[in-house]
1. At a 10 angstrom cut-off on C-beta neighbours, averaged per residue, how do the peptides 540-552, 280-292 rank from highest to lowest?
2. For T87, list long-range residues whose amide hydrogen, built 1.01 Å from N in the peptide plane, is under 5 Å from its own amide hydrogen.
3. I want the local charge near S275. Using Cβ-Cβ distances under 12 Å, sum +1 for each Lys or Arg and -1 for each Asp or Glu among the other residues.
4. For the chain, just the Cα atoms, rotate onto the principal axes and tell me the three extents in Å, largest first.
5. Go through the range 103-183 and name the GluC sites (Glu not before Pro) that are in a DSSP coil and have 15 or fewer other Cβ atoms within 10 Å of their Cβ.
6. Enumerate the calculated ³J(HN,Hα) couplings along the range 53-60 in order (Karplus 6.51 cos²θ - 1.76 cosθ + 1.60, θ = phi - 60°), each rounded to whole Hz, writing x wherever the residue is Gly or Pro.
7. With n ≥ 4 as the cut-off for DSSP H runs, can you work out [θ] at 222 nm for the chain, using -39500 (n - 2.57) per run divided by the number of residues, rounded to the nearest 500?
8. So for the range 337-415, Kirkwood radius off the Cα pairs, Stokes-Einstein at 4 °C and 1.567 mPa s: how many µm² s⁻¹?
Amino acid sequence: MLKGLLFIIWVFSPFWIIAQGCPQILSPVPGSNNVPVDVTISWQEVFGVPSYNISIGTTPGGNDIVDDVPLGTSTSYKPPLGLPEDTQIFVTITLFFFSNPSANITCPSISFRTEDITTPPNCTQLRLPENGDSDVNFRTNLRWNLAPGATSYLLRIGTTPNGSEILPETNVGNVLRFDPPNDLPVNSEIFVQITPLNENGQAVNCAVESFRTTVVAQSLDCTRLTFPVNGATNVPLTPLLQWEEVPGATGYRVTIGTTPGGDDLVREREFTSTSTFVIDFEPNALLFISIVPFNDFVEATDCGSESFSTAVGCGPFFDPSVGDFVSLFPELDFPESFVLCENSEPLTLSTNTVAESYRWASVTSRGTEIELLSETSEVQISEGGIYRLDVTDFVDSNGNNIPCTSSQTFTVNVAPGPTVNSVDVERIGDNLTLMVNVSGNGVYEYAINDINGPYQNSNVFTNVPRGNNIVYVRDTSLDGCTLPVDVSQDLVSEGFPKFFTPNGDGINDFWRFELPPNAEEVQFASISIFDKFGRLLFQMLQSSEGWNGTFNGRPLPSSDYWFRAIDTDNRVFQGHFTLKR
């Protein structure tokens, strides 16, 4: 949930609504009997709910056992003192929405009956401080684990294993902690015995545990948040957390979680100041934070946690005006795959989604961005691979410029297409005969001057008017490619080769213009060659020996390249050709 962490922590009808939102109780099964008194209550997650509150009582909707405890996103709860034996228990879950508490959904109570305890409880153990601890604050309180079935605890404290001079054996009630009435002696071994009991008797032979207090009689107070304050809502996603300074403290241990006592975001990170930035909290979340002051000798004890909720963000969240969960993410409906025809022009893709920003990028199979291709609603793709489209709207909530991004990863598969090696042009009277010479593994058909056809099986066109003509070659297989011959076919254009092979064998080693037979005389002022990115690679005169396929003395790879020639009448001839190695 915490996306970035710096060292400073770069951390309508009621029935309809209930049916829409309330979770199913998973354990214990509603209506069951003989349920253990230390049961953990769990339920299904409800999508879009930022927090659950739980109440437990002995009547429907009652809270005499647990009173509306916030749990964040946790979908389970174990009552800290257990449940009373042989009792009908009612559990009520509330779906809590920070941005609009009036939209909270209180679900119908479910009930079950606990087991009848007929034996004394087992012993328990110290939890804070633990048995064998040293340098314990002389003002510490004592905490211990729940003994299931216990209804109270006997506690004895002394400075010897059987001693009771600090506290004679006392029934402290059904609690799991005790604050000694006076400070404990410093630099002393403290012995503690805890004996659970119930109506059936008390635990037997419970061990005596001990810990040693600090040498110096020093203690520290707890601190509290000053921003955001405890219970704050709509907190920015990148806040500066601040808390009160504690006299004598040299540092503070900060823990942040999404459940009470949780540490899934930050675990006991130490700071010497009373503030820290947190980078990119998850929106619409209830967070719990505890801060423990410390110095070289002691740390503060019994410091509870505080909580706050972050800005709603993109959702989904419950909107009472529509009675349902809503999302502010842009709606993106985009295909998962496309076909790019080999030897064709780049594939132009676009999205109809209206958004504030767009981002097209090539990515790895794991989604890592390789190269940014476009930041508009349109992109041109010239290679097969994996790509991702991100569309983003921004939500300004309480000064938070929150990006709401929808993404679609898609693949571009290259389909083998025809290769037009040449178009032979023969002038017969005032018309031309064109023969399209194609190589490839497909079965091809041909059209001229209209991509929609009509298409013919023959590769020869007769009675073609002189001038600019475009030939289309189409693969007849499913999802086959249609390739327009990328140059206008007239007698002059035939002088620009469609490919060359600069391999030193003396054949087609240079790419240059040669005036075709029967073509009109033409003089070119310049002939320029470019790569697919538009970078100028070579310029030459019509009379030169041509281009040898190098750039700055280095051979260029096999690929398509583009030419642009301007004659003395300012006519422009342009197209592309293939360098083969």
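The values are calculated or read from the model by the stated rules, or taken from the named source; none is laboratory data. Being a predicted model, the structure only gives us computed values, none of them experimental. Here the Cβ is made from the backbone with ideal geometry for all residues, glycine too, and neighbour counts use every protein chain on show. All accessible areas refer to the heavy atoms of the entire protein, side chains included, with ligands and DNA or RNA removed. Shrake-Rupley method; radii C 1.70, N 1.55, O 1.52, S 1.80 Å.
1. Values: 540-552: 14.6, 280-292: 21.9.
Final packing ranking: 280-292, 540-552.
2. T114
3. Overall, the nearby charge balance is -2.
4. Sorted largest first, the three principal extents are 124, 57, 42 Å.
5. On the way: sites: E115, E130, E165, E169; in loops: E115, E130, E165.
Sites meeting the loop and neighbour criteria: E130, E165.
6. Each residue of the range 53-60 in turn: 10, 10, 10, 10, x, 9, 9, x Hz.
7. Values: 1 runs with 8 residues, N = 581.
The helix contribution divided over the chain gives -500 deg cm²/dmol.
8. Details: Rh = 13.5 Å.
Here the translational diffusion coefficient equals 96 µm²/s.
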